[in-house]
Amino acid sequence: MKLGLRGLMGQLDSVLAASALVLMALIPLVEILVRPLAGSGIENASVIVQHLGLVMAMFGSVAALRHGHLSSFGKGFASATWPRLTTFSQRYGLLFAALVCGLLCMASWRLVDSERPVAHLLAYGIPVWWLQASMPLGFAWLGLQLGVQGMRPFATPAGLGAWPRQLGTVLSALPLLLGVWLAWQLDGTALTVWPAVIALVAGLLCGAPIFSVLGALALALFWQDGLPLASIALSHYQITVNPSLPALPLFTLAGLVFARTGAAKRLGAVFVALFGGGPTGTVVAAAVLCSAFTAFTGGSGVTILALGGLLLPLLRNAGFPEQRGISLVTSASALGVLLAPSVPLIMYAIIARVPINTMFLAGLLPACIMVVFLLVLGGYLRRLPAAYSATLDPATSPAEVAPRLAAQRPAVGAALWQAKWEILAPAVAIGALVSGLATPTESAAIAAAYAILTQVLAHHELGWKKLGTTLAECTQIIGGVMLILGMALGLTNFLIEAGIPDMAIEWVQGMVPNKWVFLLVLNVFLFLAGALMEIFAALVVLVPLLLPVAMSYGIDPVHFGIIFLANMELGFLCPPAGMNIYFASAMFNKPVRYVAVAVLPALLAIFLGTLAIALVPATATWLPNLLLGAAR
C-alpha cells in the first residue's frame, strides 16, 4: 500500500489531468441524455467543461515535462559535442524556464486574487477562482520540476557531491522563487527590455521549452511598457476556457484510442483491399490512410508511430524501395491537417472566428488535391526503374509480387466488415456537428465515447491499463500545446494593441501591387515560418497578424485558413521544426539526413499543391458555399 501511495503521488499530475479529461467527456454526454427528458441538464455544463479543460491543461503540462514531451525549438547548444557546453546549456535552458514559470505563477495569482472578492459562481456554489487557482499552482509545480531537473546534475557524485535532500529541494526552488519575487516587486514598473532579450535568446539557444521562450518575450514586452503581467495570465486563461476548445482534447482522445488498438491494422486492410496490393494500389492506400489517420489522431507524429511499422513492410513487399516508402509515409502523414477533425483545423477556426463546421467542409477538397499532387508530382506512382528491379530477388520483383499480393489481399467485403466501427467513426464524430445537432464539444465527447466503447466492447482491445495510459498521453499532448497557445496569445495581444497588424497592412499594400503577387509572397513566407515555428505557435502568433492583411486583398478567411494550414503541412517536413522527420528517423532507425533527403520530392509536390489551392479560391470555398450557403 505504501508503494502504491508513493506511486500515486509521483503521478498525481497525470491523475488530476486524466480525471479532468474524463469529466470533460462525461458531462456533455450526460447533458445530451438528460436535457430532452428533464428539460434542463447540468447547471452551467459548458462553462464547467471549459474550466475542467484549464485544470487538465495545467496539470497535463506538468506530466508532459515529467515524460519529456514539452516541445522546444531545438536542442541548440544542448546537443553540442563539447560535454561542458552541453551540460551548461541543458541546465540553463531548464533553469531559465523555471524562472519564467515563477513570473507566470505570480502573474496568474494576481489574476486569481482579483477574482476572489467578486466570487463569481461556476455552478452548484463553486467559485470560479477555485478552478482558476490551477494556473498559479500549475506554474509553480512546473517551475519546481524544471528546477529539480536543472539542478539534478549538481547532486550526482560527478558534481559537487551528494547534498542533503532538503538543501537540494531549496536550491531547485530558487529559480521559481526568484521569478515570483521579481514579478511581486516589479510588476507594473517600466523596465528596459534588453537584459530580458539577452536571457531569452540564450534560453532559445540552450533548448528551453517553447512556452518559456514565448512567455519570456511577452513578459519582457509588457514589462517594457509598465503593463500588468496579469494580462498574460488572462490571455492564457481566455484561450484555455474558449467555448470550442474542449473539442481538442476529446477529438485527440478518440484518435489516440484508435492509434493504440488494432484500428490501424483493420483500416490498413480496408485500403489495401480497395486500392489493390500491387505497387500502385499499395502506394495510394498508404497515402490515403496516413492522411485520414492524422486527421483523427491530431498529430502526424502519432500516425508515423502507429502506421509506420505496418505500412513500410507492405510497401517493401509490393516491390517499393525502402527510402521511397519512408518518404511516402513521412510526407503523407502531414496531409491530414486539412481533414476534420484535425486539431490545427479546429484551432484556426477558433482564432479566426470562423464556424468549425465551415472549416471542416473547406478542407475536404484541398486535402484530396494535396494527396493527388503528392502521389503524381512526388513521383510515387512512377514505375520502378529497370535498374532497381534487376537488383531484386526474382521472388520479390514487382512482376512476381503483384499477382501474389492480389491473390492474398483481403476481400473488400470482409475487410469492410472487420473495420466497420472505425469506418463509421468520422460520420459519428463529424455528422452531429455539421448537421447542427450537437455543439463542437458534444460532438467531440460523442467521438471519444464511441472510440472507447467500440474498442472495449466490439474488439476487446482496450483494457483499464491501456485506457489510463491513453488518457495520460492525451493530457500531456494537449497540456504542452495549451502552454504554447496561452503564451503565444499573450504575445499576439501585445502586438495587436501596439497596432502591428494595421502597420503591416499599410506596409504590405505599399510593397505588393496586387492579390496574386501577395498570394505568392504569402506562400513563400508561410513555408519559411512553418520550417521555423511549431504549428500551434504559428497559428496563434501569425494568424491574427496576417489575416487582416489577407482580407485587405479580398481573400476569404476560410480560403486563407486552408492556405495557412497547407503551408504548415510543409513545415512538418522541414528542419528545424519538421517533427515528422525526427519521428520517422526514430521509427525507422534511419539518420535524420537520410529521411530529410527522402522527403525532398514530396516537399516540392506539396508546395506546388499549396500554390494551386492558393490560386484557385473555389477549392476551399465551393463546398461550404454549396452545403451551408447563407449560413456560412
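Please treat every number below as a calculation from the coordinates, not as lab data. None of the values given here were measured: they were computed from a predicted structure. As a convention, Cβ positions derive from the backbone with ideal geometry for all residues, glycine included, and neighbour counts pool all protein chains shown.
Restricting to DSSP H runs of at least four residues, report the calculated mean residue ellipticity at 222 nm for the chain, -39500 (n - 2.57) per run over all residues, nearest 500 deg cm²/dmol.
Theoretical 222 nm ellipticity from helices: -24500 deg cm²/dmol.
Quick one: in segment 236-298, what % of C-alpha pairs are over 14 Å apart?
That fraction is 64 percent.
Can you give the Rg to Rh ratio of segment 211-359, both from alpha-carbon atoms, with Rh computed by the Kirkwood formula? Please report the intermediate quantities before stating the final value.
Values: Rg = 20.0 Å, Rh = 17.4 Å.
For segment 211-359, the value is 1.15.
When the Debye formula is applied to the Cα atoms of segment 246-628, each taken as the same point scatterer, what base-10 log of I(q)/I(0) results at q = 0.08 Å⁻¹?
-0.41
May I ask for the distance between the Cα centers of segment 324-348 and segment 91-107, given as a whole number of Å?
So the two Cα centres are separated by 33 Å.
Size of the dipole of the chain about the Cα centre, Lys and Arg at +1 and Asp and Glu at -1 on the beta carbon, nothing else charged, in debye to 20? Don't skip to the answer; put the middle values down first.
Details: 28 positive and 20 negative charges, 326 e Å.
That gives the chain a dipole magnitude of about 1560 debye.
Using per-residue counts of other Cβ atoms within 10 Å, averaged over each peptide, order 495-506, 216-227 from highest down.
On the way: 495-506: 13.7, 216-227: 20.4.
Going by the mean number of other Cβ atoms within 10 Å, highest first, we get 216-227, 495-506.
Give me the log10 of I(q) over I(0) for segment 570-632 at q = 0.17, 0.19, 0.27, 0.30 Å⁻¹, as the Debye formula computes it from C-alpha points; what are the numbers?
-0.67, -0.73, -1.04, -1.16
Just how many % of Cα pairs in segment 412-539 lie over 26 Å apart, if you round to the nearest whole percent?
Working: 4318 of 8128 pairs.
Above the 26 Å cut-off, segment 412-539 has 53 percent of its Cα pairs.
Go through 610-619, 118-127 and give me the packing order, highest mean Cβ count within 10 Å leading.
Numbers: 610-619: 19.0, 118-127: 11.4.
Packing order, densest peptide first, comes out as 610-619, 118-127.
Taking the convex hull of the Cα atoms, report for segment 529-610 its projected area averaged over all directions, in nm².
Its Cα hull, projected and averaged over all orientations, spans 5.6 nm².
Over the C-alpha atoms of segment 92-132, what are the Rg and the largest Cα-to-Cα span, Dmax, in Å?
14.1, 45
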